[in-house]
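As structure tokens, the structure follows; a few thoughts come after it.
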Amino acid sequence: MTAIELGSGTRNFTCGSGGQIAVSQAIANVTGDYEGLLIYNPTGIPIFELYNASTGEHLGAVWLEMRRPAPTMVPASTPDTLALARWQIMRITGSLPIVGFVTRTNTTGGKAPAPCEPAGALLAVPYTATYTFYACQ
């Protein structure tokens, strides 16, 4: 099973000292084979909460692995666009099919301005991306 979702939302940044990013998260609506949200939990783990696109029934959640191994990143084609990425799956809950990894492609926007200023500022940068869920083989 492969599912393709269009994500549209914002990457949210909190500026730290010296123009660095202290916190980076995102929130996006996803539509396609499923519907739902991409959110980050308080520890920084991205989670897709997914629903049946026809009935609205909650199907479960897909938690992306952010620590071991690190997500695979490929530089973006333009400087203001998020990198292409591939994440392994940390956890799946509910009745969703088992997937092995998720990719982010066709990105537009979402990159934090550099430097991130002033310290303590909260910045929301719009972005879109295609998320593809790949089944375990």
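The values are calculated or read from the model by the stated rules, or taken from the named source; none is laboratory data. If you're wondering where the values come from, they're calculated on a predicted model, not measured in any experiment. Cβ placement follows ideal geometry from the backbone for every residue including glycine, while neighbour counts extend to all protein chains displayed. Side chains are part of the model used for accessible areas, which takes the heavy atoms of the whole protein and leaves out ligands, DNA and RNA. Shrake-Rupley method; radii C 1.70, N 1.55, O 1.52, S 1.80 Å.
Out of the residues in segment 31-43 that are over 11 Å from the mean Cα position of the chain (by Cα) and closer than 17 Å to residue 12 by Cβ, which is least open to solvent (accessible area, probe 1.4 Å)? Step through it out loud before you land on a result.
Of segment 31-43, the ones over 11 Å from the mean Cα position of the chain (by Cα) are 31-36, 41-43.
With closer than 17 Å to residue 12 by Cβ added as a condition, the list becomes 41-43.
Numbers: 41: 27, 42: 137, 43: 115 Å².
Result: 41.
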Residue in segment 66-81 that is surrounded by the most Cβ atoms within 10 Å (Cβ to Cβ), counting only those that are outside any strand (DSSP E or B) and modelled with pLDDT of 80 or more: 76
Residue 60 passes all but one of the listed conditions (1) in a strand (DSSP E or B); (2) open to solvent by 50 Å² or more (accessible area, probe 1.4 Å); the exception is number (2)
If you check 101, 48, which single one turns out to be part of a strand (DSSP E or B), open to solvent by less than 80 Å² (accessible area, probe 1.4 Å) and over 18 Å from residue 127 (Cβ atoms)? 101
Pick from segment 17-30, criterion in contact (Cβ under 8 Å) with a residue 60 or more places away in the chain and either hydroxyl-bearing (Ser, Thr, Tyr) or surrounded by 15 or more Cβ atoms within 10 Å (Cβ to Cβ) (or both), ranking: nearest to residue 136 (Cα to Cα): 30
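Matching residues to (1) aliphatic (A, V, I, L, M); (2) closer than 19 Å to residue 129 by Cβ:
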site: 17; (1), (2): no, no
site: 44; (1), (2): no, yes
site: 50; (1), (2): yes, yes
site: 56; (1), (2): no, no
site: 77; (1), (2): no, yes
site: 84; (1), (2): yes, yes
site: 95; (1), (2): no, no
Selection over segment 116-137 where residues are surrounded by 12 or more Cβ atoms within 10 Å (Cβ to Cβ) and touching a Gly at 6+ places or on another chain (Cβ under 8 Å) yields a count of 12
Name every residue in segment 84-98 that is part of a loop (DSSP other than H, G, I, E, B) and either β-branched (Val, Ile, Thr) or open to solvent by less than 30 Å² (accessible area, probe 1.4 Å) (or both), in order of residue number. 96, 98
Any chance you could count how many residues in segment 1-27 are under 22 Å from residue 95 (Cα atoms) and in a strand (DSSP E or B)? 6
